[in-house]
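The values are calculated or read from the model by the stated rules, or taken from the named source; none is laboratory data. Since the model is a prediction, treat every value here as computed from it, not as a measurement. Counting neighbours? That spans all protein chains shown, and the Cβs are built from the backbone with ideal geometry, glycine included.
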Amino acid sequence: MKDPRVEELARILIHYSLEVEPHDVVLIRTSELGKPLALAAYERILEAGAHPLLGVYFEEAERLHLERGTEQQIDYLPAIRLLEARNIDSFLHIAAPTNRRLLSRVAPVKISRRRVAMRPVSEIIVQQKRWVLVDFPTQALAQEAEMSLEEYEDFLFRATNIDWKAMDRLQERLKKKLDPAVKIRIVGPDTDISFAIRGRQAVKCTGKRNMPDGEVYLSPLERSANGHVSFEFPAIYNDREVSGIRLVFRRGQVVEATAEKGEDFLLAMLDTDAGARFVGELGIGLNYSIQRFTRNILFDEKMGGTIHIALGQSYKKAGGKNRSAIHWDMIKDLRSGGRIFLDERCIFKDGRFID
């Protein structure tokens, strides 16, 4: 039997998120566990008069490539992937992992090299195409979030199958405050950091790129970050968990970085390239259907009452100019004792807006 929640999510993804039109070419990429949502989306694409492409991958293949591949093989960019990216209109990535720690023993330098090699493909999709990333509930995701699979399914669909027009209205309120501002300052436990944002327009995230969604983000001026920030939640990147992160910024750049766990990996990622130590994104989480940390950045960065700072690649849509092979989101909890100031005026207190 078809799960009506899956069918509803497929409808949202194809008709709302990607706005698929007749004759569009839509690529669906997923692993074997994403089959139910992939097929539901495939059907919606056909109903829209568009052309679905299906790319199914095995997670273990990526680990094999990184562990067994030579430097030449890791650095190789398949021309077919570039051709594919250039010739699609939309991209739907359904993440349905079997093991969230599959790459935990892979050398960080190899992960960085592969990211750099595939960067031309990701830049085409992110900067030029309509795309959306969504998770499908699996046992691995449920275990990571310390939930049963049934509980996790309820959690996921509550966060995705919501009134996105109401979310848009909430985000519009924040955008109107951010756009004319000159400076933003974040204050909280062991945190006092400021950014210049003059001329950088805030971007609403209402289910058009990530699902679930629910954030407003912008790209601060690249050389403007000053201060320090500590992150209560672990930061997970490429299946590696780093906890107790504390960063110090001067003139936009991370000049000090420590972590209670995974510090070697943190430092390796910061040395990926020249842009990895600069801030590519500052986001404010507004999806109050998400109130617990799940070790899944797709959900966690949207958590109502938090902010996240992403090191590395910025978004052209937000006016960002930083370039990097990494984009690593780190989440700061502001629900207890946190404040956001715009030009010295407090607009956000303990995770909620102040009108």
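Below is a table of values for the structure above.
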{"read-out": "Among the candidates Glu222, Glu256, Glu281, residue that is more than 17 Å from the chain's Cα centre (by Cα), in a strand (DSSP E or B) and modelled with pLDDT of 95 or more", "value": "Glu256"}
{"read-out": "Test: Ser289 is hydroxyl-bearing (Ser, Thr, Tyr), surrounded by fewer than 23 Cβ atoms within 10 Å (Cβ to Cβ) and touching a residue at least 60 places away in the same chain (Cβ under 8 Å)", "value": "yes"}
{"read-out": "Hey, Ala325 touching a strand residue (DSSP E or B) at 6+ places or on another chain (Cβ under 6 Å), in the same structural domain as Val242 (by TED's automatic domain parsing), touching a residue at least 60 places away in the same chain (Cβ under 8 Å) and of a type in the set (Gly, Ala, Ser) or not", "value": "no"}
{"read-out": "In the stretch 305-355, the residues that are farther than 18 Å from Arg185 by Cα, under 17 Å from the mean Cα position of the chain (by Cα) and among the small types (Gly, Ala, Ser)", "value": "Gly312, Ser314, Ala318, Gly320, Ser324, Ala325"}
{"read-out": "Pick from the stretch 34-84, criterion basic (Lys, Arg) and modelled with pLDDT of 95 or more, ranking: surrounded by the fewest Cβ atoms within 10 Å (Cβ to Cβ)", "value": "Lys35"}
{"read-out": "Among (1) out of contact with any strand residue (DSSP E or B) (no Cβ under 7 Å at 6 or more places or on another chain); (2) hydrophobic (A, V, I, L, M, F, W, C); (3) touching a residue at least 40 places away in the same chain (Cβ under 8 Å); (4) under 20 Å from Leu53 (Cα atoms) - the single one Leu83 does not satisfy", "value": "(3)"}
{"read-out": "Candidate set from the stretch 13-33 (those that are out of contact with any strand residue (DSSP E or B) (no Cβ under 7 Å at 6 or more places or on another chain) and buried (at least 19 other Cβ atoms within 10 Å of the Cβ)); member that is farthest from Arg130 (Cα to Cα)", "value": "Leu33"}
{"read-out": "Residue selected from the stretch 220-251 under the condition touching a residue at least 60 places away in the same chain (Cβ under 8 Å) and out of contact with any strand residue (DSSP E or B) (no Cβ under 7 Å at 6 or more places or on another chain), by the criterion nearest to Asn296 (Cα to Cα)", "value": "Ile236"}
{"read-out": "Tabulated pairs, the stretch 169-192, first touching a residue at least 24 places away in the same chain (Cβ under 8 Å), second of a type in the set (Lys, Arg), C-beta under 6 angstrom, 6+ apart or interchain", "value": "Gln171/Lys204; Lys175/Lys204; Val182/Arg198; Val187/Arg339"}
{"read-out": "Unmet criterion (only one of (1) more than 24 Å from Leu103 (Cβ to Cβ); (2) acidic (Asp, Glu); (3) buried (at least 16 other Cβ atoms within 10 Å of the Cβ)) for Glu256", "value": "(3)"}
{"read-out": "Residue in the stretch 181-202 that is over 13 Å from Asn287 (Cα atoms), among the β-branched types (Val, Ile, Thr), in contact with a Ser or Thr (Cβ under 9 Å, 6 or more places away or on another chain) and not in a strand (DSSP E or B) present", "value": "yes"}
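Each row is one residue, and each column tells you yes or no for (1) touching a His at 6+ places or on another chain (Cβ under 7 Å); (2) modelled with pLDDT of 95 or more; (3) crowded, with 16+ Cβ neighbours inside 10 Å.
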residue: Ala117; (1), (2), (3): no, no, yes
residue: Gln128; (1), (2), (3): no, no, no
residue: Glu144; (1), (2), (3): no, no, yes
residue: Glu151; (1), (2), (3): no, yes, no
residue: Asp179; (1), (2), (3): no, yes, no
residue: Val182; (1), (2), (3): no, yes, no
residue: Ser194; (1), (2), (3): no, yes, yes
residue: Arg198; (1), (2), (3): no, yes, no
